[in-house]
1. Determine the share of the chain's accessible area contributed by carbon and sulfur atoms, expressed in whole percent, with a 1.4 angstrom probe.
2. Cross-link candidates for LYS160: which aspartates and glutamates have Cα within less than 19 Å, leaving aside residues fewer than 8 places away along the same chain?
3. Please compute the modelled spin-label separation between ALA110 and VAL284, points set 7 Å along Cα→Cβ, answer in nm with one decimal.
4. Is it possible to state the helix-based mean residue ellipticity at 222 nm for the chain, with each DSSP H run of 4+ residues giving -39500 (n - 2.57), the sum divided by total residues, to the nearest 500 deg cm²/dmol? What is it?
5. State which stretch of the chain is the longest one without any exposed GluC sites (Glu not before Pro), exposure meaning a DSSP loop state and at most 16 other Cβ atoms within 10 Å.
6. Before I look further, what does the chain give for accessible area per residue, probe 1.4 Å, in whole square angstrom?
7. Of the DSSP beta bridges with both residues in the chain, give the percent that are antiparallel, rounding to the nearest 5.
8. Give the share of C-alpha pairs in each 5 angstrom bin for segment 167-306, from 0 to the last occupied bin, in whole percents, shortest bins first.
Amino acid sequence: IPCVPWQSQTSGQYQRRVHGDDLVLFNAIVKDLFPDAEIPDTDYGILKSTIEDVLQGNNFQLVDGIITKTIQLFDTFNVRFGVMTVGPTGGGKSTVFRTLAESMTTLRNAGEEDDRFQIVHLHVLNPKCITMGELYGEINMMTQEWTDGLASSIMRTAIKDESEEKHWVVFDGPVDALWIENMNTVLDDNMTLCLANGERIKLKPTLRMLFEVADLSVASPATVSRCGMVYVTPDDLGTLPYVKSFIAKLTWPDELKEHLLQHFEKNFAEVVKEQRKLCKEPVVTQDIALGTLAARLRLPRHTGDR
């Protein structure tokens, strides 16, 4: 339990770090320790409503878990320079940060005066698909010329922006000691990228680092302690939201689409449960992946007969 006054903490700050069954246990322990304390709820008002509008505008379903995680990411970005969204594929990590970026941009363009809402520019890259030299830059040993890497080039571009617009550099890939250790000086209070040629790039507060990872099994404590954490698990999303969005796009009669949705709601969870129990998977899958495949099966074109 953090040794800070209870009144200074909100439930959302804890839920970013604790999830699933652990969250129920944690809340029970806190309730035993502070039986008379009431956790205040923060009213996000226009931000929450804009997030809902953005989700609907992108043909997504309104899922409370995803809306909550989007708000938690917003809170974490306000206090941390580096943030990690942690969770397996299909949990909605990309949807969360893209929805937040679009919501903040929409609010700024609408004339919202809150300084926390600014136009957001996204720079997404996969750090594991290129070499260290291509990521941070390297010296040509034959000519002794310096060539900037992808990450360093993006950061140079971002710090040249003199406006209050925000730049988020998104590292969409596994975190390991081969490349993340070079980010330690970026993530701490120095906010400085140190390159192999001795150059130091001082970053601006309008810049943010976002790491989209499946787990932290090989991340060092030095890196993890420098970042804010937002856990985005498949339980927050589930399978039905995707199925509903898919069925809504079909050109079938409403009655037939409702019939198909009822079959998914009634049978899909039980089928997956039996599949997990009786079958062995050469490659581990998530429920959302199975739901996606089931929904995308080539169904016969409706011809009027059932």
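The values are calculated or read from the model by the stated rules, or taken from the named source; none is laboratory data. Here the structure is a predicted model, which is why all the values come from computation and not from measurement. FYI the Cβ positions are ideal-geometry reconstructions off the backbone, even for glycines, and counts take in every protein chain you see. Quick note on the areas: whole protein, heavy atoms, side chains included, nothing else; ligands and nucleic acids left out. Shrake-Rupley method; radii C 1.70, N 1.55, O 1.52, S 1.80 Å.
1. Details: 9440 of 17640 Å².
Carbon and sulfur together cover 53 percent of it.
2. The qualifying aspartates and glutamates are ASP148, GLU199.
3. Placing both labels 7 Å along Cα→Cβ, they lie 4.1 nm apart.
4. -12000 deg cm²/dmol
5. 200-306
6. Values: 17640 Å² over 306 residues.
Per-residue accessible area for the chain comes out at 58 Å².
7. The antiparallel fraction comes to roughly 20 percent.
8. Histogram of Cα-Cα distances, whole percents per bin: 2, 7, 13, 14, 11, 10, 9, 9, 8, 7, 5, 3, 1, 0, 0.
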